[in-house]
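Take a look at the structure set out below.
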Amino acid sequence: MTEVNLTQISKKFGKSTVLKQIDLTLAGQTIYGLLGRNGAGKSTLLNIIENRIPATSGSVQIDGEDNVNNDLALGKVYLMSEQNLYSNSAKVDQIFRETALFYPGFDFELAHQLTNKFELNENLRFGKLSTGYRAVMKDIIALAVDAEVILLDEPTLGLDAAHRELFYQELMEAYAKRPRIFVISTHLIEEIAGLIEHVLLLKDGKMMLNDTTENLLAQSYAITGPEKQVQEYTAGLNVIGHDSLGKLRSDYVFGELDDQRILPDTVSVEGIDLQKLFINLTNGQWEKERA
Amino acid sequence: MQFNFNSSEPLYLQVAAQIENAIFLGSFAANEQIPSTTEISRDFKINPATVLKGMNILVNDGLIEKKRGLGMFVLADAQEKIRVKRQNEFFHDYIQKMIVEARNLGLGKEAVISLVEKGFGEK
Amino acid sequence: MKLEKVFKYQLRQGLKSLGWTMVWAVALVIVLPFIFVILSGGRQFTVEDFLPFQLLDIVLFVFLMIYSAQTYDGFQLMIQNGIGRKTFFYSRLLTIVTLALGGHILSIIYKLLTRPINVNAEGRILDVFGELYDHFFSNGLLNQLLPFVLLILFTLCFAASFMFAGSFLSLFEKKIQMLIIIGIPVCLILTVIFFGNNQAFISSFSWGGKVIRWIVGENGSSVGHFNPWNPLLSGLIYSGILFGGSYYFNLKLKTPK
């Protein structure tokens, strides 16, 4: 099984530092969600993994081999990005055939099925496709190539609601049939909340969270009740944000609760979903570093 | 079936609950095959590992069994088991909660009993 | 490295493009004027009027100029397919060498075939290089072979120049590319205007002239007896430096820029 290891990856563009000493391992048969707000460095990180841009420092190893200009390492990865690197004059079916030259084992049958389902005409030239259909074509290739690591950078950008739904369904089917490493980068969390097993959260160029979805949700709480009691109960806990309505207040806590404290009858403790956790962790209110 | 990704209940428990409910209501009959992990995963865009985890709860509860190479099948006594389980949980899940609410509303025992009788259509 | 795969792919694409360029050239240079003459009527015509002896050479050089300069599109497609910069560069170098060699062999065959009916031919197959060097050796075969090698080497120097320029330009965004493409000629013209009357500047060219004479291998003897080793050595050094520079720029390619 393929393993991708990032060691102390940093990236500067001019004076601004986009990534700061990222350490990361992608392994096993897992769907990772690479989350972060716009400009958090998600695309930059993926571009560095596939060596489209160089890192300022640090290294990426794919199965123990440095990825820089290493065909063997890079060929284990397919990166679907917003950028269009295919020739505008090439027809869709030609692009499929060319892809198969470099990613042997390209699943033509699946690709044809998918072009039918998405109603993508394989005789059209890439340059003639709409933005949405260019994304669809790249998504289809990503599901049909036999690479061990599939990186999807905003795979549903420009797709309409029906196509988004269809894409994630096909992704699930492809993954269930052949589990491998998927990394889905997106800022639309609701779409992928049920898909991702492992959350990678980028904030200000740092890997803020790197844990299973289950572990994260198991330690995320909403403490709701009268303002005074809620604040007494959450004092000293890792409160990442709150909502309030008059005297009613919800404190969002990320981390362990204090078992010693007595929960007043008027206060309730509930779990929160990934979207809420994400918003509260990334909106800047939360400054406390995780221990 | 429907899954609420915004619910505070873990997704795998929702998967287990939904399938259990479908068995109880007879949508998945005894000895019949239930949809595969891949199908559920695809249709509801849920990670196959999560679906499998939910199904394993039902396997441990003795409601479904795995037949090698074929898939998951509803056991003959599954519906009955669910009925017994839900009967046992009825007091905790409904009666106790109802009494708490009744007290908050200032309804006495007699008032509640008469409402229950009304609900059963006896008055 | 997946050099073989990439080379096969690029060579096939390159041959396809070269083939189409030749077809278009033949259509534009031969067929169209031919039809025009027939349509305009009456005038006596001979086949040789429509068979430029240098046709394929010109096509090959124009093609190699464009092909060698185009770097970025190829890089983008390759990195999308998991091919690194080194493989990309080596494969392109191999493709250019192969196309130059194949193109010239094709051109020679064309010249041999058309010579009997082509009055413009004047007999020389190896052109300038043959004229300059084909009496240097006492061995007839060497006298034919070395000019051919020089012709190929010259073609590669030509391609290397455009590959170097194209690779360098690929490092910049469109706006800066335009600035460089327009800026450099403007600077050169301004230099000539400002220093055109300066004696020291002009005399520096006489020094340059000496260098050029050395490179050509002019050794005081008559044309045809020039020393072919000088251009061979110079060409190797020149193409080596420019291909090396292209390699260096290729390693710096990235997308997005």
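In table form, for the structure just shown:
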{"quantity": "In the range A:77-94, the residues that are surrounded by fewer than 23 Cβ atoms within 10 Å (Cβ to Cβ) and assigned to a helix (DSSP H, G or I)", "calculated": "A:Asp93, A:Gln94"}
{"quantity": "Evaluation of A:Glu122 against (1) under 30 Å from A:Ile62 (Cβ atoms); (2) away from every other protein chain (no Cβ under 14 Å) (one fails), failing number", "calculated": "(1)"}
{"quantity": "Any chance A:Asn47 is at pLDDT 95 or above, part of a loop (DSSP other than H, G, I, E, B) and crowded, with 22+ Cβ neighbours inside 10 Å", "calculated": "no"}
{"quantity": "Count - residues of the range B:20-45 that are out of contact with any helix residue (DSSP H, G or I) (no Cβ under 6 Å at 6 or more places or on another chain), within 26 Å of A:Leu217 (Cα to Cα) and of a type in the set (A, V, I, L, M, F, W, C)", "calculated": "1"}
{"quantity": "Total residues in the range A:165-224, condition open to solvent by 10 Å² or more (accessible area, probe 1.4 Å), polar (S, T, N, Q) and either more than 30 Å from A:Val267 (Cα to Cα) or in contact with a Lys or Arg (Cβ under 8 Å, 6 or more places away or on another chain) (or both)", "calculated": "3"}
{"quantity": "In the range A:50-76, residue surrounded by the most Cβ atoms within 10 Å (Cβ to Cβ) [restricted to those that are among the charged types (D, E, K, R) and more than 30 Å from A:Thr282 (Cα to Cα)]", "calculated": "A:Lys76"}
{"quantity": "Scan of the range A:50-66 for residues that are more than 11 Å from A:Val149 (Cβ to Cβ) and either part of a loop (DSSP other than H, G, I, E, B) or at the interface with chain C (Cβ under 8 Å from one of its Cβ atoms) (or both), ordered by number", "calculated": "A:Asn51, A:Arg52, A:Ile53, A:Pro54, A:Ala55, A:Thr56, A:Gly64"}
{"quantity": "Selection from the range A:102-111 of residues that are surrounded by 15 or more Cβ atoms within 10 Å (Cβ to Cβ) and not small (Gly, Ala, Ser)", "calculated": "A:Phe102, A:Tyr103, A:Phe106, A:Asp107, A:Leu110"}
{"quantity": "Filtered residue count, the range C:1-41, keeping only those that are away from chain A (no Cβ under 14 Å), open to solvent by 50 Å² or more (accessible area, probe 1.4 Å), of a type in the set (A, V, I, L, M) and closer than 30 Å to C:Phe75 by Cα", "calculated": "2"}
{"quantity": "Subset of the range A:21-41 (residues that are farther than 20 Å from A:Asp63 by Cα, of a type outside the set (A, V, I, L, M, F, W, C) and at pLDDT 95 or above)", "calculated": "A:Gln21, A:Gly33"}
{"quantity": "The range B:72-88, subset without any contact (Cβ under 8 Å) to a residue 40 or more places away in the chain and aliphatic (A, V, I, L, M), residue surrounded by the most Cβ atoms within 10 Å (Cβ to Cβ)", "calculated": "B:Met72"}
{"quantity": "Residue check for C:Ile182: exposed (fewer than 12 other Cβ atoms within 10 Å of the Cβ) and in a helix (DSSP H, G or I)", "calculated": "yes"}
{"quantity": "Qualifying position, being touching a residue at least 40 places away in the same chain (Cβ under 8 Å) and in the same structural domain as A:Ala100 (by TED's automatic domain parsing), among A:Thr156, A:Thr131, A:Thr115, A:Thr186", "calculated": "A:Thr186"}
{"quantity": "Evaluation of A:Tyr78 against (1) away from every other protein chain (no Cβ under 11 Å); (2) at pLDDT 95 or above (one fails), failing number", "calculated": "(1)"}
{"quantity": "Lone unmet requirement of (1) in contact with a helix residue (DSSP H, G or I) (Cβ under 7 Å, 6 or more places away or on another chain); (2) over 25 Å from A:Thr25 (Cα atoms); (3) open to solvent by less than 30 Å² (accessible area, probe 1.4 Å) for A:Leu157", "calculated": "(3)"}
{"quantity": "Options A:Asp139, A:Asp107; residue that is touching a Pro at 6+ places or on another chain (Cβ under 6 Å) and touching a residue at least 24 places away in the same chain (Cβ under 8 Å)", "calculated": "A:Asp139"}
{"quantity": "A:Asn5 being open to solvent by less than 70 Å² (accessible area, probe 1.4 Å) and not aromatic (Phe, Trp, Tyr)", "calculated": "yes"}
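This table checks each residue for (1) within 14 Å of chain A (Cβ to nearest Cβ); (2) under 30 Å from A:Ile53 (Cβ atoms); (3) of a type in the set (S, T, N, Q).
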site	(1), (2), (3)
C:Phe53	no, no, no
C:Met65	no, yes, no
C:Ser68	no, yes, yes
C:Phe75	yes, yes, no
C:Phe89	yes, yes, no
C:His104	no, no, no
C:Ile108	no, no, no
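The values are calculated or read from the model by the stated rules, or taken from the named source; none is laboratory data. Just so you know, these numbers come straight off a predicted model, no measurement behind them. Here Cβ is always computed from backbone atoms with ideal geometry, including for glycine, and neighbour counts include all displayed protein chains. For the accessible areas, the whole protein counts, side chains as well, though only heavy atoms, and no ligand, DNA or RNA atoms are used. Shrake-Rupley method; radii C 1.70, N 1.55, O 1.52, S 1.80 Å.
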